[in-house]
Amino acid sequence: MRIAIIPARGGSKRLPRKNIMDFFGHPMIGYPLRSAQESGLFDKIHVSTDDPEICGVAERLGVKPDFMRPKELADDQTPLMPVLRYVLAEYERRGQAYATICLLMPCAPLIEAVDLKAAHAIFCQHDPRRPLLAVSTYPAPIEWAYERAADGRLAPVQPGLYAVRSQDLSHKYYDSGTFCFFDRSHILAETPACDKDFVSYVLPRSKAVDVDDADDLEMAKALFLARKAAASSKPPR
């Protein structure tokens with residue numbers, strides 16, 4: 001059995017209430033939630049929250065949480081893996097065991113059902129002990145990166161590589177912050193792998209937005225409107 005877990009605590013600092021803020025007429029969390037529903041992949045979709053208002057929004061969207069997240073797992077310092085462990089343990093206590101877990105972020109409004117289905121297919125092609133991470137390509141070669149001092153001076157991270165043409169450098173990838181797939185054994189392991197055993201699903205940068213601050217929000221809005229305009233301009237079949 002498969003479960004999608006959407007972590008949506010109530011204490012966001014940089015964008016207060018970002019999980020349920022209005023995004024073109026719908027709560028932000030409603031977009032990934034709907035994609036999970038439309039994918040048809042999941043036997044259960046659970047919104048993990050400590051917040052009664054978020055719980056109510058999830059219920060109105062058709063996914064009433066079966067239980068709330070404990071306060072001790074909802075502070076700024078709590079990583080996500082203990083949250084996933086808690087959800088699995090609580091469902092197992094209720095007689096429901098899930099073998100495949102999708103961690104789906106609540107502020108990834110550009111993810112579509114097709115992405116979840118394609119990523120799950122890739123996940124199933126590999127050893128289930130290898131989690132799948134949704135990634136995207138850096139917009140510029142990381143070999144061109146600089147560090148910036150307080151007075152504005154720049155220092156190259158890799159001196160001399162700025163002169164190398166971009167077409168002569170390989171693509172590098174970053175965690176898009178949108179979703180992952182895990183096998184149950186990975187989450188319940190005492191020391192789950194952090195960053196070396198993943199397989200990948202590559203998102204276009206037009207979808208790889210996890211809204212965490214005001215800049216992310218403006219980017220997501222622009223990309224959403226561009227997608228909507230492109231869809232409306234397609235000729236009818």
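If you go through segment 176-204 and keep only what is modelled with pLDDT of 95 or more and assigned to a loop (DSSP other than H, G, I, E, B), you end up with L203, P204. Scanning segment 114-160 for residues that are crowded, with 16+ Cβ neighbours inside 10 Å, of a type in the set (D, E, K, R) and in a loop (DSSP other than H, G, I, E, B) turns up just one, R130.
For the condition in contact (Cβ under 8 Å) with a residue 12 or more places away in the chain, in contact with a strand residue (DSSP E or B) (Cβ under 9 Å, 6 or more places away or on another chain) and under 18 Å from A4 (Cα atoms), what is the one hit in S176, S185?
After applying the criteria, what remains is S176.
Residues in segment 88-113 that are outside any loop (DSSP other than H, G, I, E, B) and either over 17 Å from the mean Cα position of the chain (by Cα) or exposed (fewer than 13 other Cβ atoms within 10 Å of the Cβ) (or both): L88, A89, E90, Y91, E92, R93.
Does K207 satisfy being outside any strand (DSSP E or B), in contact with an Asp or Glu (Cβ under 8 Å, 6 or more places away or on another chain), within 23 Å of G40 (Cα to Cα) and modelled with pLDDT of 95 or more?
Details: outside any strand (DSSP E or B): yes; in contact with an Asp or Glu (Cβ under 8 Å, 6 or more places away or on another chain): yes; within 23 Å of G40 (Cα to Cα): yes; modelled with pLDDT of 95 or more: yes.
So K207 passes the test.
Summed over segment 36-54, the residues that are surrounded by 21 or more Cβ atoms within 10 Å (Cβ to Cβ) and either in a helix (DSSP H, G or I) or free of Cβ contacts under 8 Å to residues at least 24 places away in the same chain (or both) give a count of 3.
For the subset of segment 161-175 comprising residues that are assigned to a loop (DSSP other than H, G, I, E, B) and more than 28 Å from L132 (Cβ to Cβ), which member is most open to solvent (accessible area, probe 1.4 Å)?
Taking segment 161-175 first, the residues assigned to a loop (DSSP other than H, G, I, E, B) are 164-165, 169-172.
Imposing the further condition that a residue be more than 28 Å from L132 (Cβ to Cβ) reduces the set to 164-165.
On the way: V164: 44, R165: 133 Å².
Selected residue: R165.
The residue of segment 1-17 that is nearest to K64 (Cα to Cα), among those that are open to solvent by 30 Å² or more (accessible area, probe 1.4 Å) and modelled with pLDDT of 95 or more, is R2.
With respect to L225, determine if the residue is on the phi < 0 side of the Ramachandran plot and either within 21 Å of the chain's Cα centre (by Cα) or open to solvent by 60 Å² or more (accessible area, probe 1.4 Å) (or both). Break it down into steps so the answer makes sense when it comes.
Values: on the phi < 0 side of the Ramachandran plot: yes; either within 21 Å of the chain's Cα centre (by Cα) or open to solvent by 60 Å² or more (accessible area, probe 1.4 Å) (or both): yes.
The answer is yes for L225.
Of the residues making up segment 55-81, those that are at pLDDT 95 or above, open to solvent by 60 Å² or more (accessible area, probe 1.4 Å) and either in contact with a Cys (Cβ under 6 Å, 6 or more places away or on another chain) or acidic (D, E) (or both) are E59, D66.
Residues in segment 18-29 that are touching a residue at least 40 places away in the same chain (Cβ under 8 Å) and surrounded by 17 or more Cβ atoms within 10 Å (Cβ to Cβ): K18, N19, F23, M28, I29.
The values are calculated or read from the model by the stated rules, or taken from the named source; none is laboratory data. These numbers come from a predicted model, not from an experiment. Positions of Cβ are backbone-derived with ideal geometry, glycine not excepted, and every protein chain shown enters the neighbour counts. Just so you know, the surface numbers come from the protein's heavy atoms only, side chains and all, with ligands and any DNA or RNA stripped out. Shrake-Rupley method; radii C 1.70, N 1.55, O 1.52, S 1.80 Å.
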